[in-house]
Each structure stands twice: as structure tokens, then as C-alpha cells.
């Protein structure tokens, strides 16, 4: 059992949530990318106050570590680290692509392929099975009509995320399924709870964002 503050500023929608035992207590979402940095700290204070919990009740901070927006990742991780230092609690960092894939684990597809738009025909992507085991490790990829053709030949794959919109225009395959699900910090709650119980904590001093591509920013 753990009370965890989850922070996601990696992609176009920024969000925070408080969870207890993996279940959501309070959550807030910000859709205006330009306001993410100014919005984050007041939103955290708001959900703590709304939950009627004291700040000291929080037992860990979960944050999406990347890939994603260069600026967003720095804002989210800096905030998470600062709170962990101040409260003397552990940091949990979770790959953004795994967080995106998690809500689709009960879909009918065999594999899950989250995609983050990295401009032009490039995406940040990975492929997971239904247990979130990596089939294709997180990477930066130039997509085309033949991308994932080997996997699609024998697996139904759910593609999701803002990078999947352009891939949808490139392929017409019976095993390709597309989801419009928008990831938020609420999708982190189960995963961060599991990390907490396995004591899979990140080093507060040395953990860095996972950019995959230097100086990438979704705001460019």
C-alpha cells in the first residue's frame, strides 16, 4: 500500500495524479503545452489539498522519464526530484512509452506499439506484449509503409499515441489497429505502485531524462 504522486509532462497533455494502492484519489490535466511549467506546481498543491492529505503522507513520486518533449521532460523530472529531496522519499521513473501502452493491455491485439511524434516521418516508439515485455526496445525510428511488417504478418498490433496518426496514413493492413487513447498520469498509477513494492527506485541525484534524440522538443 502506497500513496504516490504521479507526474507526466512528457507529451502534449501534462497531468498529475495522487494514487493510493494504485487507485486514483485526485487528478488534474493541462492541455495547453505552453502553460505546462507554470501549471505544474499549483496543480500538485491543488490535488493534495483536494485529497485532504498532508504532503508528508506521500510515500514516493512517479514521473515519466521519456522519451518525449525535451522541455517537458526536464520540467517534470526537476519537479519530481525537488519534491523527493524535500520530502525524503524515493523517485520512481517510468518509460513514457510503457505508460502509453499500459491502458491498451486488455485490447484484442497481440502487441502494443505506442508512438510519439518526433517530427517529419520520425517517431519515438517501442513494441510491447500484453505483459509490457519489450519486443522492440524504445528507439527513434523513421517510419514508412514497411515498418513493423514482420510483426504485422503474424500479430495484431494496436498503434497509439500522436505519432501513430501519420503512420495510419501510410499503411492499410488488417492486423493494424489504431487507438485514440490519450495518456495521462492516471495511467501511471498501477505501474508506479508495482515499482514501489519491488523497490525499483531511481537515483535522485543522477537520473536523467531519456531523450533518445538530442534536443528534441514537441513544441518546435
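Please treat every number below as a calculation from the coordinates, not as lab data. Predicted model, so just to flag it, every value in this text is computed and none were measured. Here the Cβ positions follow ideal geometry from the backbone for every residue, glycine too, while neighbour counts run over all protein chains shown.
Data for the structure
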item	result
Qualifying positions in the range 64-87 - closer than 20 Å to residue 141 by Cβ, in a helix (DSSP H, G or I) and touching a strand residue (DSSP E or B) at 6+ places or on another chain (Cβ under 6 Å)	73
The listed residue being without any contact (Cβ under 8 Å) to a residue 40 or more places away in the chain and assigned to a loop (DSSP other than H, G, I, E, B), out of 174, 209	174
Residue check for residue 101: without any contact (Cβ under 8 Å) to a residue 40 or more places away in the chain and either surrounded by fewer than 24 Cβ atoms within 10 Å (Cβ to Cβ) or on the phi < 0 side of the Ramachandran plot (or both)	no
Qualifying positions in the range 49-74 - buried (at least 21 other Cβ atoms within 10 Å of the Cβ) and under 28 Å from residue 115 (Cβ atoms)	61, 62, 63, 64, 65, 66, 67, 68, 69, 72, 73
Residue match in the range 17-37 (condition: at positive phi and outside any strand (DSSP E or B))	yes
Number of the exception - residue 150 against (1) in a loop (DSSP other than H, G, I, E, B); (2) more than 30 Å from residue 25 (Cβ to Cβ)	(1)
Every residue from the range 153-171 that is part of a loop (DSSP other than H, G, I, E, B), without any contact (Cβ under 8 Å) to a residue 24 or more places away in the chain and closer than 16 Å to residue 104 by Cβ	none
